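Since the structure comes first, as structure tokens, the remarks are kept for the end.
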Amino acid sequence: MSDALSRYQAQRHQLSASSSVGGTLEAAGALLRRSSRVGVEGVEPALRGLTRSQIETWLQSLKPAELRATLLKAAEEAVEAALGEGEESELWRSSAMEGLSARDRAASAAHALGQWEALQGPLDGVAAQRRTEFLQSLGKMDAALRPRARWFIPLNPQRRDERDLLDPNERIQAWWFSARADCDDLVATWTQQPRSLSPHLQSCAECREDLADTAVVDQPPRRHLSADDLWRFDVGLMSEDERARVDAHTASCSDCAQAVLALQEGDTAIDEALEMEAEGAEGLAARTSRAPVPRRPGARHPEQREVLEERRDFRVLLVRERQRVRLLVQPLSGRTVAAAVFLTPGKPSLKPSQGPEGISFDLGAEGGGARSAHLTVQAGGETLERDFSY
């Protein structure tokens, strides 16, 4: 706490020393949002010293979309900090906190800009439009990322120091420091299933919801085999664990055992027909041993496509093929589309590959239980944010 407090107290010197409009606004806003702890001496003269043309030029230079990428990178680094050890973990933690600080500096600049308008009159014309776009961009980003504040739980000791320096009315808005700042116990459940839940995990509604979301992965419910299960079993897309669960289930469920048996009998009939076609009836009669015969090309091609989202400019599909899963974003009507996939917890963001069908993300091998990911797609002025399971 003392280190953080000293850092903000030192920002008062930046009010007069900063050579950039953005630096002055960030320093002024940081003091205004922590006025009860550091005071606001020097803030008003510094803001009055910024001219209208300087503010307009600064607004034109803003690129708020880059902040989203910074926060996603910080989330990845926060998880690495939780999973790492020693000096390496501290390096990840420091880098992740810098990402959160970037979001806080944007909040400080926005706050100081409002105070500047209160002192020198509201912006108008193009400058007013750019100010509105800047604030709206921050609002949309917060709406998308605030529900995923659990990514930053590994940084909680540092986040609490920052949260407690903010004025009370600023703490709730600064979700990057305050949301889930007391949910430390959840991190332990990312690597192992606890024998008993801590008092916090029992009382925190958000933590209970997170645990409920992962329960189906840790302890899959017993159920009959679905058509998709049978298809994946038949074409060999199941993992060893999944096949073991199928064997255990069919040992006590006659209906599902009969369905699996029907698949096997169907495969045998196909193989025999192929043998007869390839060798002829005479060759089959003279044959004393039977060798495996490959399936005919194209038979039960191991690919399955599920449409996750369809918009005017693009379509999102989950493709299961050759014992792997990939996400495909298809542009429609010749549109230009950008997409990103982020896996959590403990998984890095994925790099896309461009193909004839569109943008593809390799999600890894099929099987291993239910998993989830976060998808961002931008096409023109439209942005899609959604979580999906696979």
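The values are calculated or read from the model by the stated rules, or taken from the named source; none is laboratory data. Please read these numbers as outputs of a predicted model, since none were measured by experiment. Cβ coordinates were reconstructed from backbone atoms using ideal geometry, including for glycine residues, and neighbour counts include every protein chain displayed. Note: areas computed on protein heavy atoms with side chains; ligands, DNA, RNA excluded. Shrake-Rupley method; radii C 1.70, N 1.55, O 1.52, S 1.80 Å.
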**Asked** So which pairs qualify, if the first residue must be in segment 72-92 and hydroxyl-bearing (Ser, Thr, Tyr), the second must be surrounded by 14 or more Cβ atoms within 10 Å (Cβ to Cβ), the Cβ gap must be under 6 Å, and the two must be at least 6 apart or on different chains?
**Response** Ser89/Ala81
**Request:** Being touching a residue at least 40 places away in the same chain (Cβ under 8 Å) and small (Gly, Ala, Ser) is the filter; apply it to segment 129-185 and report the residue that is surrounded by the most Cβ atoms within 10 Å (Cβ to Cβ).
**Result:** Ala174
**Fill in**
Filter segment 102-120 for residues that are open to solvent by less than 40 Å² (accessible area, probe 1.4 Å) and without any contact (Cβ under 8 Å) to a residue 12 or more places away in the chain; the one that is farthest from Thr51 (Cα to Cα) is Gly114
**Prompt:** Within segment 186-211, restricting attention to residues that are loosely packed, with under 11 Cβ neighbours inside 10 Å and of a type in the set (S, T, N, Q), which residue is farthest from Ala143 (Cα to Cα)?
**Reply:** Ser196
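Where in segment 1-91 are there helices (runs of 4 or more DSSP H), lying wholly inside it, with at least 1 residues that are open to solvent by 20 Å² or more (accessible area, probe 1.4 Å), at pLDDT 90 or above and closer than 20 Å to Glu162 by Cβ? Give the derivation first.
Numbers: elements: 2-17, 21-32, 35-38, 43-48, 52-61, 65-83.
By residue number, 21-32, 35-38, 65-83.
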**Candidates Ala144, Ala128, Ala107, Ala112, filtered to the one that is among the aliphatic types (A, V, I, L, M), part of a helix (DSSP H, G or I) and touching a Leu at 6+ places or on another chain (Cβ under 6 Å)** = Ala112
